[in-house]
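Take a look at the structure set out below.
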Amino acid sequence: MWSDLKPVYRYPILILGMLSLVFGVLAGLARLGLAVPHIALQQAAQHGVLMIPAFFGTVIGLERAVAIGQRWAYLAPLSTGAAGIALLLGAPPVITLALLTLGSLLFLIASIKVLRIQQAVHNWILLGGASGLFIGNFLLLNGQAVSQVLYWWIAFLVLTIAGERLELSRLVIRDQRKRMGLALLSVMPLAGTAIGMFNPSLGLTLFALGLAGIGTWLLLFDIARRTVRLTGLTRFTAVCMLAGYGWLLLSALLFLGMALEWGGISRDAALHAIFLGFVFSMVIGHALIIFPAVTRLKIPYSPAFYFPLLLLQLSLLLRIVGGLGGNADFLIQGSILNAVTLALFILTLVWSILRGQLGQAGRAPDPAASRTPPDTERFS
């Protein structure tokens, strides 16, 4: 009853998350006044919900369920994925929000189970990230606006990535003081978000300083500093990580500017520096690790993956320059290119999957390769 779910049954959950991503991106374009399909236009106000708890909540929840290897854990991504579809189909808001909250609660329980299995610093940080997702969704269910819960969702993504990077660097970072340092820094975004509910300026300042501390820690100690000297997929992943850490530091600076009321600071720039620059650099960098672990599909690396990575950096830079400089044309053009980047990345991923399947079909089966490897990889 509690055995793991076969890969073929994981696909529908992954598809639910991908649908939220596609329509979430289109809804974001609709917010800028661009022509999109009617179903996406209707969800313009729900752009953040589709992108974070519905998409990232689903794919990260799916990855966590694979790591646990028990069927009940898949109810978490199934709930958040179903919430995205319910939103698109026009279901009553209470149903969508209840599904999101249920999914994030199950995800939180799964994270507690992981911590009980292994009492490690990185698992405490992952638990903090799961808590941010649940609190944000719970507050949304209880009437808070998306703009008020966004910072809980940001904490969810940043702490999830920080915890996973600490785990992947465990053989390099043996100093317990460094590991505890990242854990203490990870408390700051959560504390800042909580304080911000009563004192917005002070809370946002602490939140921004926490992001800056985490970004600095990752740049100084993450294993990507070493692996960037290698070749192939290992170097590509490291380049994505280092680029993402740069965007994390920039977003921290922009959030700090918002807190201190510096003139000309754009909220759009701060949010997309972290969501697109930081988070999606992580997604691009680890897709060739995570997707095979979840789907059991062979996805060979190709230097072609550098194209969406480079376009992401350039298009986001154009968008942020437009936002900070008050240039609406740059902002819109950068946003369109952001969407093109994600489409290009997905197409490159599909092309690589097909290449891997054709390569397997053209070779004699290898008994050793046909054995199912353990599901140990996680979202980073």
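Quick note: the coordinates plus some simple rules give every number you see, no bench work behind them. A quick note: this is a predicted structure, and the numbers were derived from the prediction, not measured. All Cβ positions, even for glycine, are placed from backbone atoms using ideal geometry, and neighbour counts span all protein chains on display.
Key figures for this structure:
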quantity	calculated
Mean separation of Cα contacts under 8 Å, 6 or more apart, over the residue count of the chain: relative contact order %	13
Ordering of 73-82, 332-341 by burial proxy (mean other Cβ atoms within 10 Å per residue, highest first)	73-82, 332-341
Descending semi-axes in Å of region 65-154, equivalent ellipsoid built from Cα gyration tensor	24, 16, 8
Between region 309-358 and region 125-169, the alpha-carbon center distance in angstrom	25
Only Lys, Arg (+1) and Asp, Glu (-1) charged, at Cβ; region 1-117 dipole about Cα centre in debye	220
Dipole of region 146-246 [Lys/Arg +1, Asp/Glu -1 at C-beta], most positive-end residue of Val239, Asn199, Leu159	Val239
Charged-residue dipole, Cβ positions (Lys, Arg, Asp, Glu), the chain about Cα centre, Debye nearest 20	980
Loop-located chymotrypsin sites (Phe, Trp or Tyr not before Pro) in region 157-251, at most 15 other Cβ atoms within 10 Å (DSSP)	Phe198
For the chain, built as a Gaussian network whose Cα springs stay under 10 Å, the top-fluctuating residue of Leu260, Leu100, Leu133	Leu260
Region 1-117 - Debye-derived log10 I(q)/I(0), Cα point model, q = 0.09, 0.23 Å⁻¹	-0.25, -1.15
Residue-count net charge about Leu271 - beta-carbon cut-off 14 Å; Lys, Arg +1, Asp, Glu -1	+2
Residue-count net charge about Val239 - beta-carbon cut-off 15 Å; Lys, Arg +1, Asp, Glu -1	+4
Under Karplus coefficients 6.51, -1.76 and 1.60, residue-wise ³J(HN,Hα) of region 188-197 in Hz, glycine/proline x	4, x, 5, 5, x, 5, 5, 5, x, 5
Of Ala287, Ala120, Ala30, the one that fluctuates the most in a GNM where the chain has Cα springs shorter than 10 Å	Ala120
Per-residue ³J(HN,Hα) for region 71-85, Karplus 6.51 cos²θ - 1.76 cosθ + 1.60, θ = phi - 60°, Hz, x for Gly and Pro	4, 4, 5, 6, 5, 5, x, 5, 5, 5, x, 5, 4, x, 5
Under Karplus coefficients 6.51, -1.76 and 1.60, residue-wise ³J(HN,Hα) of region 305-319 in Hz, glycine/proline x	5, 5, 5, x, 5, 5, 5, 4, 5, 6, 5, 5, 4, 4, 5
Which labelled figure in (1) 20.8, 66; (2) 19.8, 64; (3) 20.5, 60 is Rg and Dmax of the Cα atoms in Å, once derived from the coordinates	(2)
Ranked packing of 62-70, 31-39, most packed first, by mean Cβ within 10 Å	62-70, 31-39
Gaussian network model of the chain, Cα within-10 Å springs - most flexible of Phe55, Phe134, Phe330	Phe330
